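Undergrad: Sharing a structure, written as structure tokens. Questions coming.
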Amino acid sequence: MFILHINPLATSLFSMLAIISLILSFVMLGSHWLKNHIYAFALESWTIAGLSAAVGYFGHYPELYVIAILTALFRGSLLPYLILRLADRLHLEREFTAFLKPSSSLVLGTILVIIAFVVGRRIGHSLHTADTIIVLALTCMLSLKLIGFLMMILRSEAISHILGLLVIENGIFLGSQILVPGMPLLLELVILFDLLIIVLTFGMLMRYLQLHAGTTSSRYLQKLVG
Amino acid sequence: MGALILCLWLVPVLAISLILLIGRPRFAEYLNLAAASATLVASLALILTAPHRKIVLADHFLLLTPLGLWIVLCVAIVYALASLYAIGYMRLLTDEARRLPGFYALLCGFALTMFIAPFMNNPGIYWIAIDLTTIVSAFLVGFEREAESAEAAWKYIIIVSAGLSLALLGIVFFYWAGTLQLGPVYSMTWGHLRSIAALSPKPLLLLAFLLTLVGFGTKVGLAPMHTWLPDAHSEGPAPVSAMLSGALLNTAMLGIVRFLGILKAGGAALEGQTALVVLGALSLVIAGLFIVRQTGAKRLMAYSSVEHMGIVALGFGFGGILGIAGAMYHMLNHALNKSLMFFGAGNMMRAYRSKDMRMMRRVLKFYPVTGIIWLLGAVAITGAPPFGLFQSEIAILRAGMASPNIWAVAVMVLLLIVIFIGFLQHFRQMVFGAGPVNDHRPDMRLSPWMTVPMWLTLIPLTVLGLWWPPFLWHFFVQAAQVTR
């Protein structure tokens, strides 16, 4: 694993970027304004793009620069723009139907981070390495994953669900930059592209929902049960 | 072989382009049927000519395994049947006549994604192919553009995408386990992941497997991740329901089986198999509970799909030659039988103008032939002899007796009985129960397009129940040896 052989300055830079992404996911968790959400998501994507570039520079993986640029363009700019446009068209400003108050969601999020840390430490332990960056990467990756799921559970607006899913995907991307920077380029490119298609599909389906079901909140989508 | 695979992919591509280019409904439906027949022939030829072992083609890009080919054959069979049935069924949706070419293009595209996935030698690309099946089929589920179908399509895509993201994380972890031995960059293939498994740390492998199990399990419809399935299956048009149930679920099951193979190579077979058996047994429990108290005809069939995917999961979870052979046989039998059930449900739904089984009364009086086939199909799907599912379920039960998870055999037997009673109780009321409510009499004549596909499923189903062909048994044995 290359990460064991690079200088401490680089590892601390990676750690900082990973932690910034984690904090940004808490910003999303703590705010009910959709615009804040989308901006925090965009910023998180840019942070991850920075991480890709840093890993590419210190680990000598030139192809990661391509990934960094694409991440910034797709995840950091295009996706937030598409979602903003969607929110504007549907006249959505904030999540009205959240199940919990922001403060309680934050507490739940913290508990999830602790769970992620326990799992990360267990895995790090099984690899017989004392390196903290691996545990940190695993913790951030799993935390973003769990927080994304938490956002999807606690909120009922369709846009919040999309954002939750994107946070989950960001978590996977963040972790894989540190753990498996050599993961085949083609795969990462296709996944980026796939994400774009998914968001476009979501956009179309949301308009169907608005048109035919008259709502985009899962709280009022109660026709299909049992 | 390469030519046949290419044919399997290019025929649908060609059909989609022609359908969209010409844009005439009649032309679209026949062209789609022609494409379906061509792919059925190609997949049959492929399974007959390909040697029954693992083959890697096209610079390690394609992987042919007996199980993969078997699933492709199941997809092709269901696609052909659904295309035939769709001609009659979709003509009834007079409001949507203008959008029919779009429907057939999507149907063909849906089949195409399912023809691609089983051949992918790279687990990541396999994941993407499965993701594409979701996107294409979400539009098919929401095709009728009513409140319910929009809701079902939304639920489908959001739950399955979230589930699949877990599978992606699992794949990243598998790849990471490989970097510990093969260095930071190596090509991600099923074979590589398998070869490094023995030396990888067990907790990491287990975590990775559980993530992929939950992820692809969502797509397979294993409980408790099944919540999208009854909605998507019941709200899409009937041919789409048949494709989702008979073809798509098997395609996703392939991923679970392959990751289980990696885990076995890593020496954690028991944990992996037990996890799969637990999910399978849980699916049976959930399906049993919902089948007993169901009112929607298509929802009943959807929960039955949860049940049968649970049984297939149990088969692969029990393992051994008998378990894998039983599960593979069950895949084909279920694909045939569930198509029959959805075609029948679609016919009755249109005839009685309701999805509710309480409105469908005296089925045999109004539709003697179709009603009888549907009723026989219901007997078959509950696992009663002399139909195919009986054979495969017995094989899986026998495999369970020899496995360490013998408790699951008891659960399976008990729930099969519950489901048998619950399922046939609904049919008893539809056939022999009180007369139609408010004199709700069906007067629609069913076209041969809608009844012939039912015959085409019932006949092979009966043959497969009376006679488990020895060549199929040999094929399954070889598949089990490759899979193990």
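Undergrad: Excluding A:Asp88 itself, calculate the net charge of residues whose Cβ lies under 15 Å from the Cβ of A:Asp88, where each Lys or Arg counts +1 and each Asp or Glu counts -1. Numbers along the way, then the final one.
TA: On the way: positive: A:Lys35, A:Arg85, A:Arg89, A:Arg94, A:Arg207; negative: A:Glu93, A:Glu157.
Summing Lys/Arg as +1 and Asp/Glu as -1 gives +3.
Undergrad: Please identify the helices of chain A, taking whole runs of DSSP H, that span at least 30 Å along their own axis as judged from the Cα atoms and have a mean Kyte-Doolittle score of 1.0 or higher.
TA: Span-like helices, by this rule, are A:8-30, A:102-126, A:132-154, A:158-179, A:185-208.
Undergrad: Over all alpha-carbon pairs of the protein assembly as shown, lay out the pair-distance distribution in 10 Å bins, whole %, shortest bin first.
TA: Calculated over all Cα pairs of the protein assembly as shown, the distribution is 3, 15, 25, 26, 19, 9, 2, 0, 0 percent.
Undergrad: Where the centre of each part is set by its Cα atoms, how far does the stretch A:126-190 sit from the stretch B:101-151, in angstrom?
TA: Going from one Cα centre to the other spans 25 Å.
Undergrad: Starting from the stretch B:44-143, pick out the trypsin sites (Lys or Arg not before Pro) whose DSSP state is loop and whose Cβ has at most 12 other Cβ atoms within 10 Å.
TA: Counting only loop positions with at most 12 other Cβ atoms within 10 Å, the trypsin sites (Lys or Arg not before Pro) in the stretch B:44-143 are B:Arg53.
Undergrad: On to the next question. Contact order normalised by length for chain B, with contacts defined as Cα pairs under 8 Å and 6 or more residues apart; what percent is it?
TA: Relative contact order, chain B: 17 percent.
Undergrad: Per DSSP helix of 4 or more residues, -39500 (n - 2.57); summed, then divided by the residues of chain A. What does that give at 222 nm, rounded to the nearest 500?
TA: After summing the helix terms and dividing by residue count, I get -24500 deg cm²/dmol.
Undergrad: Under a 5 Å amide H to amide H cut-off, with H placed in plane at 1.01 Å, what residues pair with B:Gly433 once short-range neighbours are removed?
TA: B:Arg362
Undergrad: Additional query: Give me the three principal axis extents of the stretch B:8-91 from the C-alpha atoms, as integers in angstrom, largest value leading.
TA: So the three principal-axis extents are 43, 24, 15 Å.
Undergrad: Please list the three semi-axes, largest first and in whole Å, of the ellipsoid equivalent to the stretch A:2-210, using sqrt of 5 times the eigenvalues of its alpha carbon gyration tensor.
TA: Ellipsoid semi-axes (Å, largest first): 29, 21, 13.
Undergrad: At 7 Å along the Cα-to-beta-carbon direction for both A:Ser126 and B:Ser195, put a label point, then send me their distance in nm to one decimal.
TA: 2.3 nm
Undergrad: Next question, about the same structure. Please compare each pair in B:Lys54/B:Lys338; A:Lys145/B:Lys264; B:Lys219/B:Lys264; B:Lys298/B:Lys338; A:Lys101/B:Lys155; B:Lys155/B:Lys219 to a cut-off of 20 Å on the Cα-Cα distance and tell me which ones are over it.
TA: B:Lys54/B:Lys338; A:Lys145/B:Lys264; B:Lys219/B:Lys264; A:Lys101/B:Lys155
Undergrad: Report relative contact order for the stretch A:2-210 in percent, whole number only (criteria: Cα-Cα under 8 Å, sequence separation at least 6).
TA: The normalised contact order for the stretch A:2-210 reaches 25 percent.
Undergrad: A further question on this structure: Taking chain B as the reference, fit the longest principal axis to its C-alpha atoms, fit the long axis of helix B:297-318 to the helix C-alpha atoms, and give the angle between the two in degrees, 0 to 90, nearest 10.
TA: 20 degrees
Undergrad: Taking neighbour counts of Cβ atoms within 10 Å as a proxy for exposure, in what order, fewest first, do B:Asp131, B:Asp439 appear?
TA: The most exposed by this proxy come first: B:Asp439, B:Asp131.
Undergrad: Quick one: Debye curve from the C-alpha atoms of chain B, no solvent, what's log10 I(q)/I(0) at q = 0.07 Å⁻¹?
TA: For chain B, the Cα-only Debye profile gives -0.33.
Undergrad: Give me the angle, in degrees from 0 to 90, between the Cα long axis of helix B:25-49 and the longest principal axis of the Cα atoms of chain B, rounded to the nearest 10.
TA: 40 degrees
Undergrad: Let me ask something else about it. Give me a single rounded figure for B:222-231: the average over its residues of other chain Cβ atoms within 10 Å of their Cβ.
TA: Going residue by residue through B:222-231 and averaging, the value is 1.
Undergrad: What nm distance separates the two modelled labels at B:Arg353 and A:Arg207, each placed 7 Å from Cα along Cα→Cβ?
TA: 3.3 nm
Undergrad: With springs connecting C-alpha atoms under 10 Å apart, model chain A as a Gaussian network and identify which of A:Leu187, A:Leu144, A:Leu79 has the largest mean-square fluctuation.
TA: Of the options given, A:Leu187 has the highest mean-square fluctuation.
Undergrad: Now a separate question. Using label points projected 7 Å from each Cα along Cα→Cβ, tell me how many nm separate A:Asp88 and B:Leu180, to one decimal.
TA: Using points 7 Å along Cα→Cβ, the separation is 5.0 nm.
Undergrad: Can you give the mean number of other chain Cβ atoms that lie within 10 Å of the Cβ atoms in peptide B:175-187?
TA: On the way: counts 7, 10, 2, 1, 7, 3, 0, 1, 3, 10, 9, 3, 1.
Average per residue, whole number: 4.
Undergrad: Using a Förster distance of 25 Å, how high is the FRET efficiency between A:Leu78 and A:Thr215, based on the Cβ-Cβ distance and rounded to 0.05? All intermediate terms of the calculation are to be shown ahead of the outcome.
TA: On the way: r = 27 Å, r/R0 = 1.08.
About 0.40, to the nearest 0.05.
Undergrad: Treating the angle as unsigned and between 0 and 90°, give the value, to the nearest 10°, between the Cα long axis of helix B:2-22 and the longest Cα principal axis of chain B.
TA: Once rounded, one gets 40 degrees.
Undergrad: Please list, by residue number, everything in the stretch B:1-19 whose backbone N is under 20 Å from a paramagnetic label point 7 Å out along Cα→Cβ of B:Leu44.
TA: B:1-12
No lab work stands behind these numbers, since they all come straight from the coordinates. What you are looking at is a predicted structure, and each value in this text was computed from that prediction instead of being measured. No Cβ is skipped: glycine too gets one built from the backbone with ideal geometry, and neighbour counts run over all protein chains shown.
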